[in-house]
Amino acid sequence: MERSEVRSIKSPTTFEEQVEILRKRGLVISDIDYAVRTLQRINYYRLSAYTLSLKKNDIFYPDTTFEQVVDLYEFDRRFRYLIMEMVEQVEIAFRTHVSYHIAHTYGPLGHLDSAHFKNHEVFLAELEKEINRSQEIFIKHHIEKYEGNIPVWVAVEILSFGTLSKLFSNMKNSDQNQIAKSYYRVPAKYLVSWLKCLAHIRNICAHYGRLYNRPLTSKPRLDRKSKNMGIDQGRIFAHIYILKQLIFAPDRWINFITRLEALLTEYKEVVELHRIGFPEDWEAILVSKKK
């Protein structure tokens with residue numbers, strides 16, 4: 001595209017002008033002051049993402065209200081926190097399982113030896129970067145007292161979930177299978193996929209990204225039986241489904257489902273289940289026994 005064909009950047013709008021833009025597009029706004037106050041705390045661009053399912057050709061469906069848009073935003077915010085809490089449990093447990101296996105199979109510094117992995121250079125570079133920028137006391141302690149030799153059970157605590165999942169995917173098949181069999185009772189090929197996907201979801205949640213009405217690029221590997229349940233791999237429900245396979249404590253999982261059901265009930269007037277990939281029998285799927 002030639003320079004003359006490049007569109008000019010739109011001029012900034014005031015909060016009042018943003019409200020007027022929404023009104024001209026057919027959104028019902030009965031309380032202008034409330035709308036302005038809302039846009040003062042939630043960026044117009046962020047909030048407008050929740051209008052995508054409420055309009056066609058940039059015109060809102062009849063009787064769509066500003067309150068409905070805000071409700072979708074609030075649902076998604078609380079939905080994110082529920083999911084993030086469960087992903088955290090998986091992430092912390094997995095750090096333990098990987099470091100324990102490496103330490104007891106290859107020694108405290110086994111994670112540094114490329115001979116134990118398929119492709120290790122990228123991981124080593126990312127680990128060094130994390131060590132150099134870490135402000136954790138335990139890292140400084142090992143640098144000062146042990147000449148920078150940081151054992152694997154310490155190193156895993158400063159890795160991002162994404163880097164941790166890459167470490168696992170680069171482990172030898174025999175090591176992957178041992179961890180998968182010992183703790184998760186699923187084939188390692190599924191665990192590799194699931195951890196990568198959950199790391200992606202964690203990043204979305206950590207940056208306050210949208211989950212509602214969002215096709216996901218991370219698609220967890222599912223067996224034929226799971227696909228026959230009507231689970232859409234490109235929506236968030238598929239990721240919740242794999243969380244079920246990775247959470248150890250049954251009481252915590254049931255508590256999660258209870259809170260999830262309560263949240264969906266509270267926002268049932270605005271939330272369309274198919275926008276988050278939930279089948280009609282989603283609750284039965286999530287409470288059924290693990291494989």
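What's the number of the only condition in (1) modelled with pLDDT under 95; (2) farther than 18 Å from ARG95 by Cα; (3) part of a helix (DSSP H, G or I) that ILE240 fails to meet?
Failing condition for ILE240: (1).
When the stretch 56-80 is examined, which residues are found to be open to solvent by less than 40 Å² (accessible area, probe 1.4 Å) and in a strand (DSSP E or B)? Spell out how you get there, then give the answer.
Our first condition is that a residue be open to solvent by less than 40 Å² (accessible area, probe 1.4 Å); within the stretch 56-80, this holds for 60, 64-66, 69-70, 72-76, 79-80.
PHE60, THR65 - these are the residues of the stretch 56-80 that are open to solvent by less than 40 Å² (accessible area, probe 1.4 Å) and in a strand (DSSP E or B).
When ILE257 is evaluated against the numbered criteria (1) open to solvent by 20 Å² or more (accessible area, probe 1.4 Å); (2) hydrophobic (A, V, I, L, M, F, W, C); (3) assigned to a helix (DSSP H, G or I), which criterion, by number, is the only one it fails?
Among (1) open to solvent by 20 Å² or more (accessible area, probe 1.4 Å); (2) hydrophobic (A, V, I, L, M, F, W, C); (3) assigned to a helix (DSSP H, G or I), the lone unmet condition for ILE257 is (1).
Please go through the stretch 15-31 and pick out each residue that is open to solvent by less than 100 Å² (accessible area, probe 1.4 Å) and farther than 13 Å from GLU67 by Cβ.
Passing the criteria: PHE15, GLU17, GLN18, VAL19, GLU20, ILE21, ARG25, GLY26.
Checking LEU263 against (1) crowded, with 18+ Cβ neighbours inside 10 Å; (2) at pLDDT 95 or above, only one condition comes out false. Which one?
(1)
What helices (runs of 4 or more DSSP H) lie completely within the stretch 113-169 and have 2 or more residues being farther than 24 Å from TRP194 by Cβ and of a type outside the set (Ser, Thr, Tyr)? Give the derivation first.
On the way: elements: 121-133, 137-145, 152-155, 161-169.
It comes to 121-133, 137-145.
Please verify whether THR38 is open to solvent by less than 70 Å² (accessible area, probe 1.4 Å), among the β-branched types (Val, Ile, Thr), in contact with a strand residue (DSSP E or B) (Cβ under 8 Å, 6 or more places away or on another chain) and assigned to a helix (DSSP H, G or I), treating the condition exactly as stated.
Numbers: open to solvent by less than 70 Å² (accessible area, probe 1.4 Å): yes; among the β-branched types (Val, Ile, Thr): yes; in contact with a strand residue (DSSP E or B) (Cβ under 8 Å, 6 or more places away or on another chain): no; assigned to a helix (DSSP H, G or I): yes.
So THR38 fails the test.
Tell me which residues, restricted to the stretch 175-208, are of a type outside the set (Phe, Trp, Tyr), open to solvent by less than 20 Å² (accessible area, probe 1.4 Å) and more than 11 Å from the chain's Cα centre (by Cα).
Selection gives ASP175, GLN176, ILE179, ALA180, ALA188, LEU191.
Would you pick out the residues in the stretch 93-123 that are of a type in the set (A, V, I, L, M) and either surrounded by fewer than 14 Cβ atoms within 10 Å (Cβ to Cβ) or under 24 Å from PHE248 (Cβ atoms) (or both)? Even if it seems obvious, please write down each step before you answer.
Of the residues in the stretch 93-123, the ones of a type in the set (A, V, I, L, M) are 93, 98, 102-103, 109, 112, 115, 122.
Answer for the stretch 93-123, where residues must be of a type in the set (A, V, I, L, M) and either surrounded by fewer than 14 Cβ atoms within 10 Å (Cβ to Cβ) or under 24 Å from PHE248 (Cβ atoms) (or both): ALA93, VAL98, ILE102, ALA103, ALA115, VAL122.
Please go through the stretch 209-232 and pick out each residue that is under 30 Å from VAL70 (Cβ atoms) and more than 13 Å from the chain's Cα centre (by Cα).
Of the residues in the stretch 209-232, the ones under 30 Å from VAL70 (Cβ atoms) are 209-218, 231-232.
Scanning the stretch 209-232 gives ASN213, ILE231, ASP232.
Can you find, within the stretch 2-23, the residue that is nearest to ARG37 (Cα to Cα) among those that are at pLDDT 90 or above and outside any helix (DSSP H, G or I)? Step through it out loud before you land on a result.
Looking only at the stretch 2-23, we keep the residues that are at pLDDT 90 or above, and these are 12-23.
Narrowing the set further to residues that are outside any helix (DSSP H, G or I) leaves 12-14.
Details: PRO12: 18, THR13: 15, THR14: 12 Å.
Among those residues, the one meeting the criterion is THR14.
The values are calculated or read from the model by the stated rules, or taken from the named source; none is laboratory data. This is a predicted model, so every value here is computed, not measured. Glycine also receives a Cβ, built like all others from the backbone with ideal geometry; neighbour counts cover every protein chain displayed. The area values use the complete protein model at the heavy-atom level, side chains included, leaving out ligands, DNA and RNA. Shrake-Rupley method; radii C 1.70, N 1.55, O 1.52, S 1.80 Å.
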